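Before any comments, here is the structure.
The values are calculated or read from the model by the stated rules, or taken from the named source; none is laboratory data. None of these values were measured; they are calculated from a predicted model. Here the Cβ is made from the backbone with ideal geometry for all residues, glycine too, and neighbour counts use every protein chain on show.
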Number of protein chains: 2
Amino acid sequence: MNNKSSIGLIKPSSVKFDNSLLLECGKELKGFEMVYETYGKLNEEKSNAILVCHALSGSHHAAGYHKDSEEKAGWWDSLIGPNKAIDTNKYFVVSPNNLGGCHGTTGPKSTNPETNQAYGPDFPVLRVRDWTNSQALLADHLDINTWHAVVGGSLGGMQALDWSIAYPKRIKKAGVIAAAPKLSAQNIAFNEVARQAITSDPDFQEGNYMQTNTSPKSGLRLARMVGHITYLSDESMKSKFGRELKEEKLGFGFDAEFQVESYLRHQGDAFSKTFDANTYLLMTKVLDYFDPADEFDGDLVTAFKPILAQALVLSFSSDWRFSPSRSKEITNALINAKKKVSHIEIDSPLGHDSFLFPEERYVEVLKTFLGSQS
Amino acid sequence: MNNKSSIGLIKPSSVKFDNSLLLECGKELKGFEMVYETYGKLNEEKSNAILVCHALSGSHHAAGYHKDSEEKAGWWDSLIGPNKAIDTNKYFVVSPNNLGGCHGTTGPKSTNPETNQAYGPDFPVLRVRDWTNSQALLADHLDINTWHAVVGGSLGGMQALDWSIAYPKRIKKAGVIAAAPKLSAQNIAFNEVARQAITSDPDFQEGNYMQTNTSPKSGLRLARMVGHITYLSDESMKSKFGRELKEEKLGFGFDAEFQVESYLRHQGDAFSKTFDANTYLLMTKVLDYFDPADEFDGDLVTAFKPILAQALVLSFSSDWRFSPSRSKEITNALINAKKKVSHIEIDSPLGHDSFLFPEERYVEVLKTFLGSQS
């Protein structure tokens, strides 16, 4: 813990839901557990709660530290905390680990009550709506009828959008950051490469690797490496690594010799040791399946009709995973559906990952949006 | 063979060089064999020869058919042939398989005369200059003192550029298509993912897979899949596949269900059955190592000083692997070095692969360039 502006030590909470949850795929989940963190205090009117939604590989640990010795704070610590963009002096922030995750909420690593074994590959494939529905149960549990805001970046932004469609009366503001109304073929293609990397790893064993105490680390590592390239911009890679060599001269071999190679290998290694492969597969599929216009013949304007929330759509200039033009698709459909929306494009060289960093204008825009009268 | 405008049946040739070739890495190759194809006729003055250089996964089979039953013509058949951009009625076209390749020219699959076993992973890592030098020996063998032109796309374009630097008096025109003066960190990162996919496949066996009659097909398949994404534009993927599903409804499973998934799997499967993994590793490394400005403290203008050839730099609007701005770097340095250069950006939705397709303006520009007085 080395960050004075952080909210400090945080202890995750957990809640068990005993009732069945009907999923979008048609299956029922016979009860589930959800792990979450909260920052700040719920006011008496219960009107200051903000739901923060994580992206592909995130978790409930969005801000603060779990231990004094923890070196890295939660994934959105730069934006959540006292006087930060999501100000914990003003708001009660709730950050759950999503269903299907691998950080405590029921997912492929959890025990299937019907078999008394880990779900593994049998955990149902989810859609964003399943998350929205399960988060609504969490809201009920916390006695929060209406979120002051639901906010997230990337896949998290898609959840904010889905909340505003599925529970229009329970959300006042939607912060849709670095998102898209659905994945492009190229987005799906990158996800598919990640999935193939995992499933073609011999250690994957059709997803039953837990039974042999192994994990398809090599595949997960590759999946993360390819994902990571899409999170950064060409520009940020250039300024971070350029073509710098680790040694002075070319090695004429296959060891990592450009800085960017070591970096990617390191990212992949670290990730493959902590993340669950079945969860990763599942999360990429949730992304691929997100498409609120789908049931309206592709008409996003119709899909957005129920929305009552005020929306802020944020995009980043160098994001090529979900580029500003994808955010504009959301904005334009919201405008055409006559919804309250503003769209700000933040100038940032950091690619898709920009949403994780407290660029001044980004922080100011988000703070003002959350504080404004809707 | 189903293409009337093709040059028709072609038989590859081969030449064996007995002398040692000193490589950029410092090692010597004790003789080598080079496979090549020729199209058209060499004129009496030997002034109409064009060298065509292939890219990462190409071969000497650039035009025509090897068998009547062959369904697909050579990789550049749409541009090489009678009355085509590279007109075989006018030019004598030479298309070799590069050193280190897996289509007949000496490479990792070939027998190392010193061990009487396949080179495998011991085949030296090459640089573009090694190809230029070996292609110069081929020119000698064919009694061609000066190429009318050296032309290629992508890694092939880098060879055209290198020819104009290394043998300024032996090349009149350089066609540098969809290339870059060096790889960006992002380019290297994609190559590194491809390499890691191959080397982490248990069947790779540190490159000695030939000894056990296996091949790291799974890794090679992944490498091709990720490469393929970078060859297409987001736009062309969208028009080719959109988000079309194979079945009408979402499958909530991990079979290929979007069209783009099947396509990528198919591309990867086909490639992994025919291409050699050690060659693929080598080719990506040649790409990473290309950097003519390297020995001049990064000064491309100085690197280009020796050039005498007239250059045509061609780029494609939707190419994000080597975008038009990368071509402009080449062009600007050539201008600053006071060389004869023109740069045309072709409007094409097909991404990096655009250089393989006979877009009308592209064909016209290339044809005019080759036919003009230099």
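Among the residues of segment A:184-205, are any within 9 Å of chain B (Cβ to nearest Cβ) and either on the phi > 0 side of the Ramachandran plot or at pLDDT below 95 (or both)? Within segment A:184-205, not a single residue is within 9 Å of chain B (Cβ to nearest Cβ) and either on the phi > 0 side of the Ramachandran plot or at pLDDT below 95 (or both). Against the condition surrounded by fewer than 22 Cβ atoms within 10 Å (Cβ to Cβ) and not hydroxyl-bearing (S, T, Y), how does A:I177 come out, does it pass? Here the answer is no, as A:I177 does not meet what is asked. Among residues belonging to segment B:33-57 that are of a type outside the set (A, V, I, L, M) and not in a loop (DSSP other than H, G, I, E, B), point out the one that is nearest to B:V226 (Cα to Cα). Per the stated criteria, the residue is B:C53.
Scanning segment B:188-222 for residues that are touching a residue at least 60 places away in the same chain (Cβ under 8 Å) and over 20 Å from A:E261 (Cα atoms) yields B:N208, B:Y209, B:M210, B:Q211, B:S215, B:P216. Look at segment B:222-235 and say how many of its residues are closer than 16 Å to A:Q186 by Cβ, aliphatic (A, V, I, L, M) and more than 9 Å from chain A (Cβ to nearest Cβ). Residues that pass the stated criteria total 0. Candidates are the residues of segment A:255-270 that are within 22 Å of the chain's Cα centre (by Cα) and buried (at least 22 other Cβ atoms within 10 Å of the Cβ); the one that is nearest to B:L183 (Cα to Cα) is A:L264. For segment B:236-272, the set of residues classified as more than 11 Å from chain A (Cβ to nearest Cβ) and out of contact with any Lys or Arg (no Cβ under 7 Å at 6 or more places or on another chain) consists of B:K246, B:E247, B:E248, B:H266, B:A270, listed by residue number. Among the residues of segment B:115-134, just one is assigned to a strand (DSSP E or B) and either surrounded by fewer than 21 Cβ atoms within 10 Å (Cβ to Cβ) or among the aromatic types (F, W, Y) (or both), namely B:Q117. Residues in segment A:135-185 that are in a strand (DSSP E or B), farther than 22 Å from A:F32 by Cβ and in contact with a Lys or Arg (Cβ under 7 Å, 6 or more places away or on another chain): A:H148, A:A149. Is it the case that A:T88 is out of contact with any Phe, Trp or Tyr (no Cβ under 6 Å at 6 or more places or on another chain), among the polar types (S, T, N, Q) and either surrounded by 21 or more Cβ atoms within 10 Å (Cβ to Cβ) or in the same structural domain as A:F355 (by TED's automatic domain parsing) (or both)? Spelling it out, it is not the case that A:T88 is out of contact with any Phe, Trp or Tyr (no Cβ under 6 Å at 6 or more places or on another chain), among the polar types (S, T, N, Q) and either surrounded by 21 or more Cβ atoms within 10 Å (Cβ to Cβ) or in the same structural domain as A:F355 (by TED's automatic domain parsing) (or both). The requirement of being within 14 Å of chain A (Cβ to nearest Cβ), on the phi < 0 side of the Ramachandran plot and not small (G, A, S) is not satisfied by B:C53. Counting the residues of segment B:329-358 that are closer than 20 Å to B:T230 by Cα and either free of Cβ contacts under 8 Å to residues at least 60 places away in the same chain or in the same structural domain as B:Y231 (by TED's automatic domain parsing) (or both) gives 4. The condition of being out of contact with any strand residue (DSSP E or B) (no Cβ under 6 Å at 6 or more places or on another chain), within 10 Å of chain A (Cβ to nearest Cβ) and either assigned to a helix (DSSP H, G or I) or polar (S, T, N, Q) (or both) holds for only one of B:T284, B:T279, that being B:T284.
Under the condition of being outside any helix (DSSP H, G or I) and of a type in the set (S, T, Y), which residue from segment B:195-248 is surrounded by the most Cβ atoms within 10 Å (Cβ to Cβ)? Across segment B:195-248, the extreme among qualifying residues is B:S233.
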